[in-house]
Amino acid sequence: MAHVENELPVHLMHGKPERNSKGYYYVTPDGRQKYRTRNEDYQQNRSPKQKWHTASFVWAHQQIGVLWQDPQARAQVEADWRQAMRRTPDGRFYPDPKGWRFALLQQQWKEEHPYEQWYEDYLRTVSESAERKTAAETTSDYMLRHQIDILSAQLEALRSRLNH
């Protein structure tokens, strides 16, 4: 963190000055302006639950784009929004029809793809990808170590069954 001196408080900056900046400006509670650099990895998918939410978000974005290009579909969404009194079935209020429809599309995707079933499919694709990568000629060290960990866990499970 670096302390930045400004002569006039009117010139206090907030946020990133440019899209490609390494850091951002912020103002402390006592009125001093500071600059902080930060790795922006906080938007990456980390857990399977986040990936599931992201998949619903991506699908809803694709569908809302298609809906919003058609004037008749847009008029129908606006009429449905008014009829629903700007609320989704879970009671949340949306001031615009596009956001309302987007929330409904996300909910629809999540109902069509329950987390448990999606997670099983996700694990299957990850394991198939790992097997494919370890069977390839150019296998990374990470994939080899990952496969060793899996086989070691299987070996321990078999030994414990044998001992019992």
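Among (1) part of a helix (DSSP H, G or I); (2) more than 20 Å from Tyr119 (Cα to Cα), which single condition is Phe57 missing?
(2)
Where the second residue is aliphatic (A, V, I, L, M) and the first is open to solvent by 60 Å² or more (accessible area, probe 1.4 Å) and lies in the stretch 115-143, which pairs have Cβ atoms under 7 Å and are six or more apart or on separate chains?
Lys133/Met143
Is there a residue being in a loop (DSSP other than H, G, I, E, B), open to solvent by 50 Å² or more (accessible area, probe 1.4 Å) and either under 22 Å from Lys51 (Cα atoms) or small (Gly, Ala, Ser) (or both) anywhere in the stretch 64-79? Before the answer, list the steps.
Within the stretch 64-79, the subset in a loop (DSSP other than H, G, I, E, B) is 70.
Adding the requirement that they be open to solvent by 50 Å² or more (accessible area, probe 1.4 Å) leaves 70.
Of the ones still in play, those that are also either under 22 Å from Lys51 (Cα atoms) or small (Gly, Ala, Ser) (or both) are none.
Scanning the stretch 64-79 turns up no residue that is in a loop (DSSP other than H, G, I, E, B), open to solvent by 50 Å² or more (accessible area, probe 1.4 Å) and either under 22 Å from Lys51 (Cα atoms) or small (Gly, Ala, Ser) (or both).
Name every residue in the stretch 1-54 that is part of a helix (DSSP H, G or I) and either modelled with pLDDT under 75 or in contact with a Leu (Cβ under 9 Å, 6 or more places away or on another chain) (or both), in order of residue number. Can you show your working first?
If we filter the stretch 1-54 for residues that are part of a helix (DSSP H, G or I), which is where we start, we get 9-11, 48-54.
If the condition is that a residue be part of a helix (DSSP H, G or I) and either modelled with pLDDT under 75 or in contact with a Leu (Cβ under 9 Å, 6 or more places away or on another chain) (or both), then Pro9, Val10, His11, Pro48 are the ones that fit.
Residue under question is Trp81, and the condition is that it be in contact with a Pro (Cβ under 7 Å, 6 or more places away or on another chain) and of a type outside the set (Val, Ile, Thr); does it hold? So that I can check it myself, show each step before the final result.
Values: in contact with a Pro (Cβ under 7 Å, 6 or more places away or on another chain): yes; of a type outside the set (Val, Ile, Thr): yes.
Against the criterion (in contact with a Pro (Cβ under 7 Å, 6 or more places away or on another chain) and of a type outside the set (Val, Ile, Thr)), Trp81 qualifies.
Which pairs do you get when a residue that is of a type outside the set (Gly, Ala, Ser), found in the stretch 148-164, comes within reach of a residue that is surrounded by 10 or more Cβ atoms within 10 Å (Cβ to Cβ) and in a helix (DSSP H, G or I), reach meaning Cβ atoms under 9 angstrom, with the pair 6+ apart or on two chains?
Taking only residues 6 or more apart or on different chains, the pairs are Ile150/Ser127; Ile150/Ala130.
Residues in the stretch 55-67: is at least one more than 19 Å from the chain's Cα centre (by Cα) and either on the phi > 0 side of the Ramachandran plot or not small (Gly, Ala, Ser) (or both)?
yes
The values are calculated or read from the model by the stated rules, or taken from the named source; none is laboratory data. Treat the numbers as computed from the prediction; the structure is a model and nothing was measured. Positions of Cβ are generated from backbone atoms using ideal geometry, with glycine treated the same way; all protein chains shown enter the neighbour counts. Heavy atoms of the whole protein, side chains included, go into the accessibility calculation; ligands, DNA and RNA do not. Shrake-Rupley method; radii C 1.70, N 1.55, O 1.52, S 1.80 Å.
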